[in-house]
Amino acid sequence: MEFGERNACLHEELIMKRIKVLVAKPGLDGHDRGAKVICRALRDAGMEVVYSGLEQTPEQIVNAAIQEDADVIGLSILSGAHRVILPTVTKLLSEKGITDVLVVVGGIIPTDDHLFLKQHGISAIFGPGTPLKNAVEYIRENVSKERIH
Amino acid sequence: MKMFDSSFIERIKKEKKEWQEDSPRNLFEQTNSSSIPIKLIYTPADINHLDYEQDLGFPGNYPFTRGIHKTMYRGRPWTMRQFSGFGTAEQTNQRYKYLLSEGETGLSVAFDFPTLKGYDSDDPISLGEVGVCGVAIDTLKDMELLFEDIPLDKVTTSMTINAPTPILFSMYLAVAEGQGISCDQVGGTVQNDALKEFIAQKSFIFPPEPSVKLVIDVIEFCTKNVPRWNPVSISGYHIREAGATAAQELAFTISDGLMYVSKTIERGLDVDAFAPRLSLFFCAHNDFFEEIAKFRAARRMWARFMKERFGAKNERSLWMRFHTQTSGVALTAQQPENNIVRVTLQALSAVLGGTQSLHTNSFDEAWQLPSEKAVTIALRTQQIIANESSVTATIDPLAGSYYIEWLTDKIEEEAMKYIDRIDTMGGMIEAIKKGYPQREIANSAYEFQKQVDNKKQIIVGINQFKDEHEELEIPRFRVDPEVEKTQLKRLKRIKENRNHEKVLRHLNELRKATERDENIIPYVVNSVKAYATLGEIISILKEVYGVWREECVFA
């Protein structure tokens, strides 16, 4: 990398605020291994991570996202209730006029349900076997640019 | 007495040195899940500190390293117990009858998340979860339907339930009574392991102390009234699945067990009155020999703790009977058929480790609840191991392997470091409050994922031998959304038709007994018989005990 180029990158980073991610577990399942692993990966990638823990209702998640001014909501669900719970989260977000927060999901989500979830405002679904860097890169590339500048 | 004489060992050591000088030097270092470095070869010199009679012994003899029975699988094979449950009680009842007709020898109930967390199906928080990950149980009526036409004196039933154990167990006893079967004729297991919920599975409801109090209530009640019941299945499975290493799984599980034993003794029970009914539950993961060593070490450690720490005299108190389930997290969503091979290896490690019962996972479980075809293959896997491979012909066939014996010792040594640390903290309840096991597990889980990402840990189909054009052809299994409606309708009907005055009276008596710190089981039995709901009973307990919220830390 040329010096000028590097300098420009540094400058870019300086004017960008850190990406802030709210990680939450909606639904009743307690499988928090994935949520905790992804929290650490995002933190190690330089993002600010808030983990709101287990058994979060859609209302609690949306309120926490507003309170924390999160740029991204990462939901981890392995209970099979994703078809009911996830659209409720995105619906509440749009009811509150929040359109620039990226919502991504990780967990056990059958492929048949991917299209349905994407139609309901879920940007990406990270299933078992996803390398951590894929999730990190996806968030970096797709977070609202207006929010982080 | 040492295994070999010292001059022989000296000669072996010398020969090994010479042998090593000739072998390639640039071999990369290899460690197992517990970070134990593995040598290129093992020789008699690695196990010469062992005393056959003291450290291994014969199967059925202390310290039971080689197995708890004198005949092991020659006498009778392990119990093939497939965990299942979904949708309504009627649907699960059909699946049970199918599994029994296919040669399964024990039932194992999976409950849905609302049931596991103590919520009724009509609670707003249950929306979308009813009957999805297991069967929905709200009242005794559901339990009656679940076991309809299944004679409860002929099968044994394992129920994976924890915080709400007193309620589900009471319902089971009530169903049996309805079939004309008395308490002393039913056999089975409840998981009832509250501590591992705080550590790993996270389906806790009440704070740690009252949670353990309820565990002991069940142990005490069974000891006095339900002699064929295993009142707790001290579980490492979920600890491992949450990310623990084999050594951590072993250590945390045994520490949980030590806590239950000492609390039950504090309750006034003689150790030999209840210890024979305690059983453990482990995971069979991918590292074949590490798992076998873990099972063998566990048996020896448990026997020694029971004898030396608690003064148990009954030989059965020293037996570590255990159930095994193959690892769920080791299943891949990619190239799912490969999971059949993984499950076979894991199951074989459990059998070579001397398990008493086994659940083999279905190959499609990284995607969904298993389809009938996948479940059948999983069961057939066990039947092939039991009937075709001849591994059951002799007991503990890997005993005496330099590697296995060395590794059995090493895993025990690693596990003992954690157990000592937890003892120093004042036992597992205190360790949990400090977040100690939770943190250790989260660290191990993150380390493992980093190793997968940087290919230090190869997983076929994930980071090596990938199939970029893979098109999945898994037969879909989806729980019918009608299930929720059916369940809600039934619950509504029961709530309308039951004797309200009777329900209230029994719930009130339960509350008083809870406040008096009595054993609550008899009161719960009366409440469920009056068709009080699971949620109503849990609410009473929550009012007295409070609820547990864990600290949200990820690092």
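Where does the charge balance sit around B:K263 when Lys and Arg score +1, Asp and Glu -1, over other residues with C-beta under 12 Å from its C-beta? That works out to -3.
Over all alpha-carbon pairs in chain B, figure out the percentage whose distance exceeds 42 Å. Percentage above 42 Å: 20.
Helix B:436-453 and the long axis of chain B differ in direction by around 60°, with both axes built from C-alpha atoms. Loop-resident chymotrypsin sites (Phe, Trp or Tyr not before Pro) (DSSP state other than H, G, I, E or B) in the range B:434-481 with no more than 14 further Cβ atoms inside 10 Å of their Cβ: B:F465. Cross-link check: pairs B:K39/B:K294; B:K141/B:K495; B:K39/B:K410; B:K196/B:K263; A:K118/B:K450 evaluated at a Cα-Cα cut-off of 21 Å; pairs beyond the cut-off: A:K118/B:K450.
Axis of helix B:482-497 versus longest Cα principal axis of chain B: the two differ by about 50°, to the nearest ten degrees.
What residue among A:I109, A:V72, A:Y138 has its Cα farthest toward the positive end of the dipole of chain A, where the charges are +1 on Lys, Arg and -1 on Asp, Glu, each on the Cβ? Looking along the dipole axis, the top candidate is A:I109. Rounded to the nearest 20 debye, the dipole size of the protein assembly as shown about its Cα centre is 1020 debye, using +1 on the Cβ of Lys and Arg and -1 on the Cβ of Asp and Glu. For chain B, a crude dipole built from +1 on the beta carbon of Lys and Arg and -1 on the beta carbon of Asp and Glu, taken about the Cα centre, is about 840 debye to the nearest 20. Here the residues B:V329, A:V72, ranked from fewest to most Cβ neighbours within 10 Å of their Cβ, fall in the order B:V329, A:V72. Summing +1 for each Lys or Arg and -1 for each Asp or Glu among the other residues whose beta-carbon sits under 12 angstrom from that of B:T105 gives +1.
The ranking of B:W319, B:W302, B:W548 by Cβ neighbour count inside 10 Å, starting from the fewest, reads B:W548, B:W319, B:W302.
The angle separating the long axis of helix B:288-304 from the principal Cα axis of greatest extent in chain B is about 70 degrees.
When peptides B:402-415, A:21-34 are sorted by average Cβ neighbour count within 10 Å, with the highest value leading, the order is A:21-34, B:402-415. Taking amide H atoms as placed 1.01 Å from N in the peptide plane, the amide H of A:Q56 lies under 5 Å from those of A:K25, A:G27, each 5 or more residues away in sequence or on another chain. Think of the protein assembly as shown as a dipole: +1 on every Lys or Arg Cβ, -1 on every Asp or Glu Cβ, centred on the Cα centre; then among B:N499, B:S327, B:L472, B:N499 lies furthest on the positive end. Ordered by the count of other Cβ atoms within 10 Å of each Cβ, fewest first, B:R478, B:R342, B:R76 give B:R76, B:R478, B:R342.
The residue among B:G187, B:G353, B:T160 whose Cα reaches farthest toward the positive pole of the charge dipole of chain B, with charges on the beta-carbon of Lys, Arg, Asp and Glu, is B:G187. Here the simple spin-label model places points 7 Å from the Cα toward Cβ, and for B:Q185 and A:R140 these points are separated by 6.8 nm.
Bear in mind that the values in this text are calculations on the coordinates, not laboratory data. Note that this is a predicted model, so its numbers are computed, not measured. Neighbour counts run over all protein chains shown; Cβ positions are idealised from the backbone, glycine included.
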